[in-house]
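Shown next, in structure tokens, is the structure this report addresses.
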Amino acid sequence: MASTAPQHRHELETIDLHINVGPQHPATHGVFRMVLTVNGELVEDCDPVIGYMHRGNEKLPENCDYRQIIGYHDRTDYLAQFNTEWTYCLAVEKLMGLEVPERAEYIRVILGELNRVASHLMWAGAFGTDVGFFGTPFMYAFREREVIQDLFEAVTGERMMYNYFRPGGVAWDVPDDFEEHCRYVIDHVRRGIDDLDALMTDNEVFLARCRGLSPVTPEQAINWGLSGPMLRACGVKHDLRRAEPYSIYDRFDFEIPVGTQGDVYDRYLVRMEEMRQSLRIVEQALKQMPKNGPIMAEGLKRVLRPPSGEVYARTESPRGEYGVYIVSRGADKPWRHKVRGASFCNLSALREMVIGNYVADAIIILGSIDIVLCEVDR
Amino acid sequence: MIGDNPWLDGLLRLLVIAVAIPLAVIVLNYLERKVIGRVQNRLGPMRVGPYGTLQAVADTIKLLTKEDVRPHSADRWTFELAPYVVVVPSVVALVTLPLTEDLFVRNLALGLFFILAVSTLSIVGLVMAGWGSDNKYAILGAMRSAAQLISYEIPLVMAAVAVAMVAHTPDGRGTLDLVQIVDGQGRVPYIVWQPLAFLIFTVAALAELYRQPFDIPVAESEVVGGPFVEYSGMRWAMFMMAEYVNLVLLSALTAIVFLGGWNWPLGNEVGPALQVPLMAVKTAIFILFFFWARAILPRLRIDQLMAYSWQVLLPLAFYQIIANGLVLVYDWPDVVLGVLSGAGAMAAIFLTYRMARRPAPVRRPVAVAATSMREVKV
Amino acid sequence: MLGILKTIAASVGIAARKPVTVQYPTEKKQLPQRSRGFPTLLWDFEHDEPFCTGCQVCARYCPTDCMTVTMKDNPKYAEGKSPRKKIVDTFYIDYARCMRCDICVEVCNFDAIVMDNTWRSVEMSRFDRQDLIMDLEALLRPSKTGQLPNPFREPMGVAHSGWRPKSEGAERGGEEE
């Protein structure tokens, strides 16, 4: 270290300026650090450093009973808790060959899609702050996210760590006024998305910042392993809800928004449109949902002991493909438990996207990836 | 003139300013939080005092009693003197700012020139703060502020000069005396004859105040407060005070130069009882505009900011001066002035629209060498 | 410029709306019945003793091992005043470790533990971590003093046809359905 440190000599010389963005920085959305080598305002190199948030969230569940693990999946991606729980439950159900009752599936779809909206709202707010708004989109987004979270709280009792999905169904039935509450939420959130739209989409300053920034070609996106809105913004029409419909997604009519340029603005547009499509799905699901019925698969033992085998289940989480890989050896605990985090894979493209841009743009590009550091570091 | 002694008179007037400025800063600070809170659908401060009116006072006390931290590696004198270098020019500029025909400390024949010249000096303080802090964010912010403030000083001065050229005086046209500029706007304020100069002046003032969308030097999500990042307590409060004093100064100046100050539309005879409120309302309009811009606009990038200044504002400011010169030389009526300037204003709006909407240059990420900068990281 | 004008128009409209702020410590949002605070124990007013028999099923199923429970013979059973042979002796929950997953409530055979759904259990800040370790008295206090009027017990009856353990103590097993 000492030998390579820049030596100050008497004559003038140019040395690289390294800027540590993070781990304590308002724009890194958690404890993420990127070491930028800058030439004036231009980024010449970027070295992302992760791992500040590592809690062993893949190893811990290997000491847990199959139902205890759900709580740890909430904590893997704390903005898309229902989606992560769902993925895990799908994996266990696949392993055990469980049939999930109709009503439980609809509850899962409604909550999962609303969770997607909540996550994208959170993203839109934080992204607005990255672009330089004085917190206004953040407040608009949180105002609506609050409405969604009130619904989640009324259903599950928790605002963040729901622990509500179970292998084979959901933990308990929704309240009686669930449908009414959902419609109220949909109306509110629609209005909130329109507010965000009015504030950002056509704003010239926003356009000047986001359009044409770090465009990614479809080939690059596929090669880098991007998924979710990052991939769709590049024009690749790939959505696991359509490509391999899990649960009951084949019953709904919804569009998959794709971008054309793959730039930051397209990522923004794709997410905004995805929110609207998710609300459409929720409306359809509310219409089709059976009024009552079982919400839990029959004949489950008190302790789940899936047969030996391995399984990989994946779903479309708000950030992309969230996958859970479980190896069971017939015990009440998984022998191996692995998570594929969408934002971890998306983040790996950061260096290529950032180099050659301005420092200010590096922040926006990082924001546009929509990282959740809990999921990156696990 | 209060009393016969000019020294006593001057001292009394200075005292008024010395009391009024901190008060104005406190009130403005409260109002800004309330206004932005409203735009964001919040209440703003509500706890301290009725409707939170004493919040700014509490903050002031907190800042005054807070520890004054100086980083160990900071350049002591540069670091500690920087706040004074920022705050003194702003206050000095207020000396010649007239609120009514005879409410000022000293009216100078070169009042407009004096204010613009003196308030420019605070750039030195910002660069000192950035350099003295020994912080990379601070130095980046200081460089940004130097670039930004100097390039926007030029359109600002040009726009003011354009108005000063054609200002009506008792003996012809052209004056830098602020009282005379106001007196010349008895029936029609100069905003009517000089809309282009008004646009340029307002935008440049926004940039001079480094508020959104021009808050690049202090960008919270990029350079974390820029030159102020290492300051705390009293010294930080001085920077904030300078910011708000500048806000008052530039708003009042805009009201004087373009909206007819205390003169239009009531005339010069109504007396200070009506003139001071009139002046206050006009100043408040611009202050509200600056607050509102902060609430709803994101941040430009440094190169876009410079491009906007040098490619749009500066040529148009020259156009305004040349048009005014032609009008003066050929002694055309004021209507021609309004038409020419109006055409320029339309051009300004069109150019801004074009700049924001034109296809952005595509900067595809290039394949980068796999070398890591880890060895030379500081 | 058009976009910015649209933005300004929208923001004026939004600023005219009613603010959504809830001024928290003075006015509190009503918590839903299912709200999950921290687990507390219920008091059986009929027999004047806790429902909990100290069977430790919650402690075994706790993912974070935040509970410690011991059991003793119930003196009231010998006197014939209570149907419970065994009763809880000591019960400690470390609220600092608890992750409010609700599993203890779902596995409890006797409906003895619930998640506190009042604001009291949400505002749990303490100056010392040790103060967050609750003993039996602290865990029973809300229920005993009537501060827990409407606890949510649904997980027991509805969803857990499979997960619900066989009744170990037959005392209350039959009443629930």
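Evaluate region B:83-102: report whether one residue or more is on the phi > 0 side of the Ramachandran plot and either charged (D, E, K, R) or crowded, with 16+ Cβ neighbours inside 10 Å (or both).
There is no residue in region B:83-102 that is on the phi > 0 side of the Ramachandran plot and either charged (D, E, K, R) or crowded, with 16+ Cβ neighbours inside 10 Å (or both).
Would region C:93-106 turn up any residue that is within 14 Å of chain A (Cβ to nearest Cβ), touching a His at 6+ places or on another chain (Cβ under 9 Å) and under 22 Å from C:Thr64 (Cβ atoms)?
yes
Please count how many residues of region B:44-90 are of a type in the set (D, E, K, R) and under 21 Å from B:Ile26 (Cα atoms).
Of the residues in that region, 6 qualify.
Residue check, B:Leu112 against (1) in a helix (DSSP H, G or I); (2) at pLDDT below 85, all met but one. Which one?
(2)
With the structure loaded, tell me whether B:Thr352 is within 24 Å of the chain's Cα centre (by Cα), modelled with pLDDT under 85 and either more than 7 Å from every other protein chain (Cβ to nearest Cβ) or surrounded by 16 or more Cβ atoms within 10 Å (Cβ to Cβ) (or both) or whether it fails that test.
It is true that B:Thr352 is within 24 Å of the chain's Cα centre (by Cα), modelled with pLDDT under 85 and either more than 7 Å from every other protein chain (Cβ to nearest Cβ) or surrounded by 16 or more Cβ atoms within 10 Å (Cβ to Cβ) (or both).
Do we have any residue at all in region A:130-138 that's out of contact with any Pro (no Cβ under 6 Å at 6 or more places or on another chain), modelled with pLDDT of 85 or more and among the aliphatic types (A, V, I, L, M)?
Within region A:130-138 (the criterion being out of contact with any Pro (no Cβ under 6 Å at 6 or more places or on another chain), modelled with pLDDT of 85 or more and among the aliphatic types (A, V, I, L, M)), the answer is no, since none of the residues qualifies.
Given the criteria free of Cβ contacts under 8 Å to residues at least 12 places away in the same chain and small (Gly, Ala, Ser), does B:Ala273 qualify?
yes
Return the only residue of B:Ser151, B:Ser119 being among the polar types (S, T, N, Q), over 26 Å from B:Trp7 (Cα atoms) and within 15 Å of the chain's Cα centre (by Cα).
Answer to the selection: B:Ser151.
Give the number of residues within region C:42-70 that are more than 24 Å from C:Met99 (Cα to Cα) and either of a type in the set (Val, Ile, Thr) or touching a Ser or Thr at 6+ places or on another chain (Cβ under 8 Å) (or both).
The total comes to 2.
For C:Ser121, work out the one condition from (1) at pLDDT 85 or above; (2) surrounded by 15 or more Cβ atoms within 10 Å (Cβ to Cβ); (3) within 14 Å of chain A (Cβ to nearest Cβ) it doesn't fulfil.
The number of the failed condition is (1).
Any residue in region B:79-92 that is in contact (Cβ under 8 Å) with a residue 40 or more places away in the chain, acidic (Asp, Glu) and in a loop (DSSP other than H, G, I, E, B)?
No, region B:79-92 contains no residue that is in contact (Cβ under 8 Å) with a residue 40 or more places away in the chain, acidic (Asp, Glu) and in a loop (DSSP other than H, G, I, E, B).
Does region A:137-145 contain any residue that is over 18 Å from A:Ala342 (Cα atoms), in contact (Cβ under 8 Å) with a residue 60 or more places away in the chain and buried (at least 23 other Cβ atoms within 10 Å of the Cβ)?
The answer is yes; a qualifying residue exists.
Among the strands (runs of 3 or more DSSP E) lying completely within region A:277-351, list those that include at least 2 residues that are farther than 22 Å from A:Gln81 by Cβ and over 16 Å from the mean Cα position of the chain (by Cα).
A:309-317, A:320-328
Between a residue in region A:322-341 that is on the phi > 0 side of the Ramachandran plot and any residue that is part of a loop (DSSP other than H, G, I, E, B) and surrounded by 17 or more Cβ atoms within 10 Å (Cβ to Cβ), which pairs come within a Cβ distance under 8 Å, given they are 6 or more apart or on different chains?
A:Gly330/A:Pro306
Exactly one condition in (1) surrounded by fewer than 20 Cβ atoms within 10 Å (Cβ to Cβ); (2) at positive phi is not met by C:Asp102; state its number.
Among (1) surrounded by fewer than 20 Cβ atoms within 10 Å (Cβ to Cβ); (2) at positive phi, C:Asp102 violates only (1).
Would it be correct to say that A:Val205 is within 20 Å of the chain's Cα centre (by Cα), aliphatic (A, V, I, L, M) and within 14 Å of another protein chain (Cβ to nearest Cβ)?
No; evaluated as a whole, the condition is false for this residue.
Matching residues to (1) among the polar types (S, T, N, Q); (2) more than 14 Å from chain C (Cβ to nearest Cβ); (3) in contact with a strand residue (DSSP E or B) (Cβ under 7 Å, 6 or more places away or on another chain):
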{"position": "A:His25", "(1), (2), (3)": "no, yes, no"}
{"position": "A:Met34", "(1), (2), (3)": "no, yes, yes"}
{"position": "A:Thr37", "(1), (2), (3)": "yes, yes, yes"}
{"position": "A:Glu58", "(1), (2), (3)": "no, yes, yes"}
{"position": "A:Asp65", "(1), (2), (3)": "no, no, no"}
{"position": "A:Ile70", "(1), (2), (3)": "no, no, yes"}
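Condition first: farther than 30 Å from A:Ala91 by Cβ, at pLDDT 85 or above and either within 11 Å of another protein chain (Cβ to nearest Cβ) or touching a strand residue (DSSP E or B) at 6+ places or on another chain (Cβ under 7 Å) (or both). Can you find one or more residues in region A:158-180 that meet it?
yes
Does A:Ala342 satisfy the criteria of being crowded, with 19+ Cβ neighbours inside 10 Å, away from every other protein chain (no Cβ under 12 Å) and within 26 Å of A:Val31 (Cβ to Cβ)?
Here the answer is yes, as A:Ala342 does meet what is asked.
Before we move on, is B:Ser90 among the hydroxyl-bearing types (Ser, Thr, Tyr) and within 17 Å of B:Leu250 (Cβ to Cβ)?
Yes, satisfied.
Looking at region B:183-202, is at least one residue polar (S, T, N, Q), buried (at least 22 other Cβ atoms within 10 Å of the Cβ) and away from chain A (no Cβ under 14 Å)?
Scanning region B:183-202 turns up at least one residue that is polar (S, T, N, Q), buried (at least 22 other Cβ atoms within 10 Å of the Cβ) and away from chain A (no Cβ under 14 Å).
Among the candidates B:Ala280, B:Ala317, which residue alone is surrounded by fewer than 23 Cβ atoms within 10 Å (Cβ to Cβ) and either at pLDDT 85 or above or out of contact with any Cys (no Cβ under 7 Å at 6 or more places or on another chain) (or both)?
B:Ala280
Here are some residues: B:Asp334, B:Asp303. Which one is charged (D, E, K, R), surrounded by fewer than 21 Cβ atoms within 10 Å (Cβ to Cβ) and more than 14 Å from every other protein chain (Cβ to nearest Cβ)?
Going through B:Asp334, B:Asp303 in turn, the sole match is B:Asp334.
Checking C:Ser143 against (1) more than 13 Å from chain A (Cβ to nearest Cβ); (2) out of contact with any strand residue (DSSP E or B) (no Cβ under 6 Å at 6 or more places or on another chain); (3) assigned to a helix (DSSP H, G or I): exactly one of these is not met. Which one?
Just one mismatch for C:Ser143, condition (2).
Look through region A:94-126, keep the residues that are of a type in the set (A, V, I, L, M, F, W, C) and within 14 Å of the chain's Cα centre (by Cα), and return whichever of them is nearest to B:Ile216 (Cα to Cα).
Within region A:94-126, the match that is nearest to B:Ile216 (Cα to Cα) is A:Ala126.
So B:Ser145 fits all but one of (1) among the small types (Gly, Ala, Ser); (2) within 14 Å of chain A (Cβ to nearest Cβ); (3) more than 30 Å from A:Leu36 (Cα to Cα); what number is the exception?
Evaluating B:Ser145 over (1) among the small types (Gly, Ala, Ser); (2) within 14 Å of chain A (Cβ to nearest Cβ); (3) more than 30 Å from A:Leu36 (Cα to Cα) leaves (3) as the failure.
Please tell me if A:Leu199 is within 17 Å of C:Lys6 (Cβ to Cβ) and in contact with a helix residue (DSSP H, G or I) (Cβ under 8 Å, 6 or more places away or on another chain).
Spelling it out, A:Leu199 is indeed within 17 Å of C:Lys6 (Cβ to Cβ) and in contact with a helix residue (DSSP H, G or I) (Cβ under 8 Å, 6 or more places away or on another chain).
The values are calculated or read from the model by the stated rules, or taken from the named source; none is laboratory data. Please read these numbers as outputs of a predicted model, since none were measured by experiment. As a convention, Cβ positions derive from the backbone with ideal geometry for all residues, glycine included, and neighbour counts pool all protein chains shown.
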